[in-house]
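All remarks here apply to the structure that follows.
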Amino acid sequence: MTPTPAGARIGGDLYRAEPEPAPDSGAFRDRATAAAVRAARAAHVEIRELHTPTEMSDVCELFGRIWRPDPTSPMMVPELMMALVHAGGYVAGSYEDDRLTGACVGLLATDGLHSHIAGVDVRSRGREVGHALKVHQRAWCLERGLTRISWTFDPLVGRNAFFNLAKLGAVPAEYLVDFYGRRTDAINAGDHTDRLLARWDLTTPRVALACEGIPQPADDAVAPGEEGVAIALEVGADGRPVLGRTDADVVVVRVPRDIEGLRRTDPDAVPPWRLAVREVLGGLMGEGRVVRGFGRLGGYVVDRRRDGG
C-alpha cells in the first residue's frame, strides 16, 4: 500500500447536500428546538449551555476520564473554553440531576460551526445522550443563523460512523490523513489519527428526520452476484482486512465491528486496517466518489458515479 503524507487531504468539498427551498425560518427553528427538547427528555438529561470557569473545569475532568490523556497534554483546558464561549462558540453539557454526563465543544468556522470535541461518560453510554447533545447543538446553531456543522471522526470506529452518518444524517466530505499527528491518550496512542470530516447541513430533510429520531442508514447489504454492487473491503475470517473490487457502480467498504476491542485483543491487526481503509475509502473519495452513508452491517456505501445518481 502506498503511504500518504501526514496531513494530506484526500478529496475536497465532495458532497454538498443541497437543502430544499428554505422553510419559514421561525417555524423551522421552532421545530429544531422541539426536537432538541424531545431528545433530551428521551435521554433523561438536561442540556445546558456552560459559561463559568467551574463548569469548564468539570468538562475538562470529564474529557480526562473518557480519553485518559497524558497529563501534559489534556484534551481541553478551561481557559480555552472560556475564550471560545466569549468569542461566540458553543460549550454545552448534559446533566442527570447535577451530574455532568456528557459535553460538546464547538468553535465558529467560516461556514458555520466546527464541533471540535464531544464525549459521554461511560456510565451513560447507550442512552442517546450523545444524540441529545448534537440535536441541541443543531438547534443552537439554527437560532443564530448557522446552517452547517462540521467535525471529524475516526473512520475505523464503526459505531461512531453509524452514529454520525445514520443517526445524525451527516455526510463525509474529506478523508484527512493523520490529521492530529500521533496522540498519547489511551484511545489513540500508537495509531495514526486518520479522520473523516463530517459535514452536517442542518436544514436538509435528511438531517431534520434524523434529529427527530428517524435514522438514515445506507443499505450496505450485498447479495451474492448482485449487479453493479461489490465489496471493496471486507472483514476476513481472521479479523484482518480483505481487499475486493472497487470497479462497481456502488461499493461497500466494511470496517471491524469493534476496532476498540481489537486494539486491546489483537493490536497487530490495527495498522493493516488503518492502511486498508486509507487506501480504499480514502482513495475512492480522492477520486471524487460520493459516500452515501453507513449501513447497519458495518459498511460505508460509496457511489463510484461522481454525481451519486
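A few comments on the model shown:
- None of Ala32, Ala27 is touching a helix residue (DSSP H, G or I) at 6+ places or on another chain (Cβ under 9 Å), modelled with pLDDT of 55 or more, in a helix (DSSP H, G or I) and among the aliphatic types (A, V, I, L, M) except Ala32.
- Residue ID - farthest from Arg138 (Cα to Cα), chosen from residues in segment 150-170 that are of a type in the set (D, E, K, R) and more than 8 Å from the chain's Cα centre (by Cα): Arg159
- Search result, residues across segment 56-77 that are of a type outside the set (A, V, I, L, M), part of a helix (DSSP H, G or I) and more than 14 Å from Gly93 (Cα to Cα): Gly64, Arg65, Trp67
- Selected residue (only one of Pro155, Pro172 is touching a residue at least 24 places away in the same chain (Cβ under 8 Å), in a strand (DSSP E or B) and either crowded, with 18+ Cβ neighbours inside 10 Å or among the basic types (Lys, Arg) (or both)): Pro172
- Residue in segment 72-79 that is out of contact with any strand residue (DSSP E or B) (no Cβ under 7 Å at 6 or more places or on another chain) and buried (at least 18 other Cβ atoms within 10 Å of the Cβ) present: yes
- Test: residue in segment 96-108 that is of a type in the set (Gly, Ala, Ser) and surrounded by fewer than 22 Cβ atoms within 10 Å (Cβ to Cβ): no
- Restricting attention to segment 217-254, the residues that are of a type in the set (A, V, I, L, M), under 16 Å from Val290 (Cα atoms) and surrounded by 18 or more Cβ atoms within 10 Å (Cβ to Cβ) total 9.
The values are calculated or read from the model by the stated rules, or taken from the named source; none is laboratory data. This one's a predicted model, so the numbers in the text were calculated from it and none came from an experiment. Backbone-built Cβ (ideal geometry, glycine too); neighbour counts: all protein chains shown.
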